[in-house]
Amino acid sequence: MDTTLEVLTTRRGRREAHRQWPDEVKARIVSESLRLGVTVNEVAERHGIKANHLSSWRTLARQGKLVLPEPEDAVEFAAMVVETTAPEPPTPKQTSRTEIVIGPVTIRLEEGASAARIAAIARALAATT
């Protein structure tokens, strides 16, 4: 069971009492405020301090000036599997090439050959036969 030690000192001036919080207690309260789903206001109210006071302790912890205790809850890690999808093999491009066959000779024209190009080849072949 945790116990809290609160030391009250008297001051001259506006305040009659000023609480001194031991570093261990500050660290425990800060640790409690860092839990998932808990707000600074809730924790501060529970311990009878102002939220801005707790926020300043949290700043000290971030700066490494206040050492926090080990978390009470067991830390769990979830396994993560990263799968890379194999790239799909390129599908052969369906092309429609124009072929001119004369006897044992086959002439394949590039894709998108113009009609003028085909006519020029046909005239050249007709002239040789």
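Every number in this text was worked out from the coordinates using simple rules, so none of it is lab data. In this text the structure is predicted, and so the values were computed from the model without any measurement. Every residue, glycine as well, gets a Cβ built from its backbone with ideal geometry; the counts of neighbours run over all protein chains shown.
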Counting Lys and Arg as +1 and Asp and Glu as -1 over every other residue whose Cβ sits under 12 Å from the Cβ of ILE107, the net charge comes to +1
Most packed first (mean Cβ within 10 Å per residue), the peptides 108-121, 29-42 order as 29-42, 108-121
